[in-house]
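One structure is given below, encoded as structure tokens.
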Amino acid sequence: MADDLIEDFEHARRKAAEQLGITDKRQWPDNLEIQQQLLERQRLFGGAARQRECRALLEQALAAMQVFAPFQPRLVGAALAGTATYQQGFELQVFADSPEEVIWRLIDRKIPWSVDQGQFRYAGNQRLEHPILRFLAGMVPVQIVVLPIKARRNPPLDPVSNRPQRGASPRDLEDQLARDNPCQNAPINTH
């Protein structure tokens with residue numbers, strides 16, 4: 001995942017198993033084990049440059065969250081876990097009655113964007129599609145998942161933990177950034 005910038009755990013797991021010749025899926029690591037090893041690798045080999053990159057990414061995420069404050073943004077995914085790179089960017093969840101409300105915010109700020117649809121898993125094996133707005137903040141990719149307001153109480157499942165993805169609020173992120181090294185013990189999942 002680190003070398004090839006693979007973001008999908010299942011793709012990375014299958015590729016590694018194929019390279020190592022491991023066919024017994026019971027021996028494959030789960031997503032949490034993979035994420036913990038990725039964090040450890042970055043800690044060992046990334047050094048100060050990795051810490052600066054992680055802090056800068058969190059600072060950019062906080063700035064974006066302030067722009068989208070009316071939609072109660074939550075930082076989720078690899079940036080929150082401390083594993084994201086500039087090339088991967090960060091992911092926010094926002095809550096709105098309609099995606100157009102968020103799109104108007106982008107238009108008002110003259111931010112070029114594209115829209116896509118993504119499928120998200122929920123408790124009870126339910127799968128729902130939601131709009132994903134993508135844009136660049138400088139050179140950093142930003143992905144905003146527009147969720148219905150009711151999803152605040154029942155968010156999509158985290159692909160790593162398979163538990164509701166609560167993410168981090170702007171206040172949570174400010175607290176994390178106030179630490180000397182906000183990425184050293186970044187929360188893998190905020191529940």
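Entry note: region 106-191 has Rg to Rh equal to 1.00, where both radii use alpha-carbon atoms and Rh is the Kirkwood radius. Name the shape class, rounded, prolate or oblate, that the alpha-carbon gyration tensor gives for region 37-142, where a ≥ b ≥ c are the square roots of its eigenvalues, rounded holds for a/c under 1.5, and otherwise prolate holds if a/b is larger than b/c and oblate otherwise. Verdict is oblate for region 37-142.
Solvent-accessible area of the chain (1.4 angstrom probe, protein heavy atoms only): carbon and sulfur portion equals 50 percent. For the chain, the mean residue ellipticity at 222 nm estimated from helices alone is -12000 deg cm²/dmol, where every DSSP H run of n ≥ 4 contributes -39500 (n - 2.57) and the total is divided by all residues, rounded to the nearest 500. Extending 7 Å from the Cα toward the beta-carbon at both residue 31 and residue 48 defines two label points whose distance is 3.6 nm. The mean sequence separation of alpha-carbon pairs under 8 Å and at least six residues apart, normalised by the residue count of region 71-191, gives a relative contact order of 31 percent. Each other residue within a Cβ distance under 11 Å of residue 149 adds +1 if Lys or Arg and -1 if Asp or Glu, for a net charge of +1. As a rough guide to protection, the peptides 13-19, 58-64 ranked by mean Cβ packing within 10 Å, highest first, stand as 58-64, 13-19. Per residue, the accessible area of the chain comes to 57 Å² when a 1.4 Å probe rolls over the protein heavy atoms.
Summing +1 for each Lys or Arg and -1 for each Asp or Glu among the other residues whose beta-carbon sits under 15 angstrom from that of residue 105 gives -1. Among the aspartates and glutamates, which have Cα under 15 Å from the Cα of residue 15 when same-chain residues fewer than 8 positions away are ignored? Candidates past the 8-residue exclusion: 3, 4, 7, 24, 30.
Relative contact order of region 78-133: 21 percent, from C-alpha pairs under 8 Å at least 6 residues apart in sequence. Taken over the chain, the convex hull of the Cα atoms encloses 125 Å³ per residue. In this structure, residue 127 and residue 174 have a Cβ-Cβ separation that, at R0 = 22 Å, corresponds to a calculated FRET efficiency of about 0.10.
If packing is taken as the average number of other Cβ atoms within 10 Å across a peptide's residues, how do 122-129, 50-57, 171-178, 83-90 rank, most packed first?
Working: 122-129: 10.4, 50-57: 17.4, 171-178: 14.5, 83-90: 19.2.
Those peptides, ordered most packed to least, come out 83-90, 50-57, 171-178, 122-129.
The values are calculated or read from the model by the stated rules, or taken from the named source; none is laboratory data. On a predicted model such as this, the values are computed, not experimentally measured, just so you know. With ideal geometry, Cβ positions are generated from the backbone for all residues, glycine too; neighbour counts draw on all protein chains shown. The area values use the complete protein model at the heavy-atom level, side chains included, leaving out ligands, DNA and RNA. Shrake-Rupley method; radii C 1.70, N 1.55, O 1.52, S 1.80 Å.
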